Amino acid sequence: MSKRTIVSMPGDGIGNAVLPEAIRVLEAAGFEADYVHADIGWEFWCTEGNPLPQRTIDLLEEHKIGLFGAITSKPKSDADAELAPELRDQGLVYYSPIVALRQHFTLDVCARPCQTFKGNPLNFIRRSADGGVEEPEVDTVIFRQNTEGLYGGVEWTNPPDNVYDSLMSHPKFSMNFGDVPREELSVSTRIFTRQATERILRAAFEYAKKFGYKSVTVCEKPNVIRETSGMMLALGKEIAAEYPGIALWDTNIDAQMMWLTKNPEDYGVIVAGNMFGDIISDGFAGLVGGLGFACSANVGEEIAVFEPTHGSAPKYADYENSIVNPIAMVLSACMMLDHISEIETAAKMRKAVAEVVEEGKVRTYDMMKMRGKPDVVEQGAASTTQMADAIIAKLS
């Protein structure tokens, strides 16, 4: 059987440190593949005016599976200022390349597991009723609709006539904003479609059924955002009827964030729209070690891209000895293996990570609750490579 080809997209900043280490772990675990490098990120915006070159899209079209590191995104004014002089004043607009990837390939199902590793000093703890300390075991998977909502990119500043006239036809817009000068208006839309909303809900319920979770929680805000959140909750109720063994819960995003540290162990699968899913998944990630442990999958009908949810952390990218935690990238690689039915290899890698964390001999600076300074390795923290080495040692 020929080797599978994986499109490797390190991207910006620390993506260039963590992705190669994850590939080393994959190879040590016995996963054989060819890795083809693909260009993506800030450098290509600055030099080409496109952070997602067509050549990268073509590689993903061909090979179907991508591993992605991190990207840098900046506000519009900063993006325009850093564009190469010869590319300015050509109407080029910066868009996040990972968001563009999701939309181009309809990678509409995003799964973000947030699970406790025993012995992790960053795990959430709370006071018990008798004054003691409890460490609840968190095992929550957030399903985030990945292509619509507030990240859909349908936005205007100083909206054109046709848009402005349409907005003014809504009584609440004309009442609340009708006297605001048009050039002072900025409008971002939150669009949900029935098809995509149903797909993310079904993905959440199927996952709960497959892995034995007892509940699916719709986390939205239907009491205020009545049309979009309301549609997701209504569809959730319809679909829940097809899964009699799984309870449907619903929470408001603001209340959910308040309850996050009250009873996180009660939540199994959570499903939400794009922005709220982003928020709640980062919140749960904070309970199990932070972004150094936060992995994710972006899955479409044919193509899937796997990535840690941390950013590019440019302040760490220039350190002579990389100090960032590669576990989120390694766990993202495990999700890739699950997706392509390399279940045993994925389980072996997760077990190795769990053993390293529980043993506690090798910890990156975040796990030691140190500030991310260049000298943390000299103070006993593991470097990026040393953490990968420790995981590889457990594999063998």
Fill in the blank from the handout: Among the residues of region 233-257, the number that are in contact with a helix residue (DSSP H, G or I) (Cβ under 8 Å, 6 or more places away or on another chain) and surrounded by fewer than 13 Cβ atoms within 10 Å (Cβ to Cβ) is 2
Problem - Listing of helices (runs of 4 or more DSSP H) fully contained in region 1-111 that carry 3 or more residues being among the small types (Gly, Ala, Ser) - result: 15-28, 76-82
Handout entry: Filter result for Lys221 (of a type outside the set (A, V, I, L, M), more than 30 Å from Met329 (Cβ to Cβ) and out of contact with any helix residue (DSSP H, G or I) (no Cβ under 7 Å at 6 or more places or on another chain))
Key = no
Handout entry: Flag for Ile65 being in contact with a helix residue (DSSP H, G or I) (Cβ under 9 Å, 6 or more places away or on another chain), modelled with pLDDT of 95 or more and over 20 Å from Val299 (Cα atoms)
Key = no
Fill in the blank from the handout: Among helices (runs of 4 or more DSSP H) entirely inside region 246-340, those with 3 or more residues being touching a Phe, Trp or Tyr at 6+ places or on another chain (Cβ under 6 Å) are 327-339
Handout entry: Filter result for Glu198 (surrounded by 13 or more Cβ atoms within 10 Å (Cβ to Cβ) and of a type in the set (Asp, Glu))
Key = yes
Problem - Unique match (being under 29 Å from Glu344 (Cβ atoms), touching a Gly at 6+ places or on another chain (Cβ under 6 Å) and in contact (Cβ under 8 Å) with a residue 12 or more places away in the chain) among Phe105, Phe68, Phe117 - result: Phe105
Exercise for the section: Please give the number of the condition Ser332 fails out of (1) among the hydroxyl-bearing types (Ser, Thr, Tyr); (2) surrounded by fewer than 22 Cβ atoms within 10 Å (Cβ to Cβ); (3) within 24 Å of the chain's Cα centre (by Cα). Expected result: (2)
Exercise for the section: Just one of (1) of a type outside the set (A, V, I, L, M, F, W, C); (2) within 23 Å of Ala22 (Cα to Cα); (3) surrounded by fewer than 19 Cβ atoms within 10 Å (Cβ to Cβ); (4) touching a helix residue (DSSP H, G or I) at 6+ places or on another chain (Cβ under 8 Å) trips up Lys315, so point out which. Expected result: (4)
Handout entry: helices (runs of 4 or more DSSP H) contained entirely in region 148-227, each with at least 3 residues that are at positive phi
Key = none
Completion exercise
Scanning region 354-396 for residues that are part of a helix (DSSP H, G or I), in contact with a helix residue (DSSP H, G or I) (Cβ under 6 Å, 6 or more places away or on another chain) and among the aliphatic types (A, V, I, L, M), the one surrounded by the most Cβ atoms within 10 Å (Cβ to Cβ) turns out to be Ile391
Exercise for the section: State whether one or more residues within region 202-222 are more than 26 Å from Ile98 (Cα to Cα) and in contact with a Leu (Cβ under 7 Å, 6 or more places away or on another chain). Expected result: yes
Handout entry: Condition met for Ser77 (of a type in the set (S, T, N, Q), out of contact with any Asp or Glu (no Cβ under 9 Å at 6 or more places or on another chain) and crowded, with 19+ Cβ neighbours inside 10 Å)
Key = no
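The values are calculated or read from the model by the stated rules, or taken from the named source; none is laboratory data. None of the values given here were measured: they were computed from a predicted structure. Please note: Cβ atoms are built from the backbone with ideal geometry, for glycine as well, and neighbour counts cover all protein chains shown.
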